[in-house]
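Following: one structure in structure tokens, then a few remarks.
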Amino acid sequence: MGSDRGSRPKPGEITLANKGVLFLDELPEFDRTVLEVLRQPLEAKQITISRANSQMTFPASFQLVAAMNPCPCGYDGDASGRCRCRPEQIKRYQDKLSGPLLDRIDLHITVPALPIADLQNAQAGETSEQVRVRVIAAHKHQMQRQQKVNNELSPSEVDKYIQLGESEQQLLQLAQQRLNLSARGYHRVLRVARTIADLADSDTINSAHVSEALSYRSK
Ligand SMILES: [Zn+2]
């Protein structure tokens, strides 16, 4: 991740992922200092690498997707009771991810293991083609409204373009206290709620959109 030891800074993985997806599997297995380095580019969408006699800035606008297990063995919470990890092992594993890093990840989703029978009886969901149509329409709404995607809105642009009704405002304020949301987290929830409304082809953000955005911030 841009941490080559040479005297001349070279683009690292996150710059190679510019305008694309950076997927980090087994997130807590990465070195903590490497994970903390992600914080600056996740906000600024660029990364500055300093060496003794030079400093360079590279583009780093990427979509971060990461996966992790609930514990080192992967079975914590599993109905089979197979997990043999000690509580302090699980805590150490989960503590590898700092609050400020998690604060910069908009959607946290727990995916429980599915019994085979459920997999076999699964109903067909929306096809990729159907989702694609909705995504293109949502993107168009965003470009028409503000000439950029919701994720790129600065805090002052969020205030300008993302307006809530009174009850939605109250819902978010309550949740802010309960979840102990930072100002950054608050703006991120608003951007996600706006995107959910765009995907639902809705001009206004209603309570269901705000609740859904908050449900992705469970950690
Ligand atoms: Zn375990």
Check your understanding: Which whole-number value in Å² is the accessible area per residue of the chain, probe 1.4 Å?
Key -> 64
**Study point:** Net charge, A67 excluded, C-beta distance under 12 Å - Lys, Arg +1, Asp, Glu -1
**Key:** -3
Exercise for review: Among DSSP beta bridges lying fully in the chain, give the percent that are antiparallel, nearest 5.
Suggested key: 55
**Study point:** Positive-pole candidate from I14, H108, Q120, dipole of the chain, charges at beta carbon
**Key:** I14
Review point. Projected onto the charge dipole of the chain (+1 at Lys/Arg Cβ, -1 at Asp/Glu Cβ, origin at the Cα centre), which of S61, Q46, F23 gives the Cα projection farthest towards the positive end?
Key: Q46
Review point. If you line up the Cα atoms of segment 19-168 on their principal axes, what length do they span on each, largest first, in Å?
Key: 53, 50, 35
Point to revise | Violating pairs (Cα-Cα greater than 20 angstrom) within the set K10/K96; K19/K45; K19/K140; K140/K160; K19/K160; K19/K148 | key: K10/K96; K19/K160
Point to revise | Additional length obtainable on full extension of the chain from S154 to E212, 0.36 nm per residue less Cα span | key: 18.7 nm
Check your understanding: To the nearest 20 debye, what is the magnitude of the charge dipole of the chain about its Cα centre, counting +1 on the Cβ of each Lys and Arg and -1 on the Cβ of each Asp and Glu?
Key -> 720
Practice item. Kindly write out, for segment 91-104 in residue order, the coupling ³J(HN,Hα) from the Karplus curve 6.51 cos²θ - 1.76 cosθ + 1.60 (θ = phi - 60°), rounded to whole Hz, with x marking Gly and Pro. Key: 5, 4, 4, 6, 6, 4, 9, 6, x, x, 6, 4, 4, 8
Review point. Packing-wise, with mean Cβ within 10 Å as the measure, how do 39-46, 51-58 rank, highest first?
Key: 39-46, 51-58
Review point. If you put +1 on each Lys and Arg Cβ and -1 on each Asp and Glu Cβ, how big is the dipole of segment 38-113 around its Cα centre, in Debye rounded to 20?
Key: 260
**Study point:** Distance cut-off 15 Å, percentage of C-alpha pairs in segment 128-215 lying past it
**Key:** 56
Revision key, fill the gap. Among L181, T33, Q170, the residue whose Cα sits farthest towards the positive end of the charge dipole of the chain, when +1 is placed on the Cβ of each Lys and Arg and -1 on the Cβ of each Asp and Glu, is T33
Exercise for review: Please give the peptides 59-65, 122-128 ranked by average Cβ packing (other Cβ atoms within 10 Å per residue), highest first, as a rough proxy for protection.
Suggested key: 59-65, 122-128
Practice item. Amide H neighbours of L22 under 5 Å, at least 5 residues apart or on other chains, H built in the peptide plane: list them. Key: Q63, L64, V65
**Study point:** segment 47-123 and segment 163-195: distance between their alpha carbon centers, rounded to Å
**Key:** 24
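The values are calculated or read from the model by the stated rules, or taken from the named source; none is laboratory data. Because the structure is predicted, anything quoted here is derived from the model rather than measured. Neighbour counts are summed over all protein chains in view; Cβ atoms, including those assigned to glycine, are modelled from backbone coordinates with ideal geometry. Please note that ligands, DNA and RNA were not included when accessible areas were found on the heavy atoms of the full protein model with its side chains. Shrake-Rupley method; radii C 1.70, N 1.55, O 1.52, S 1.80 Å.
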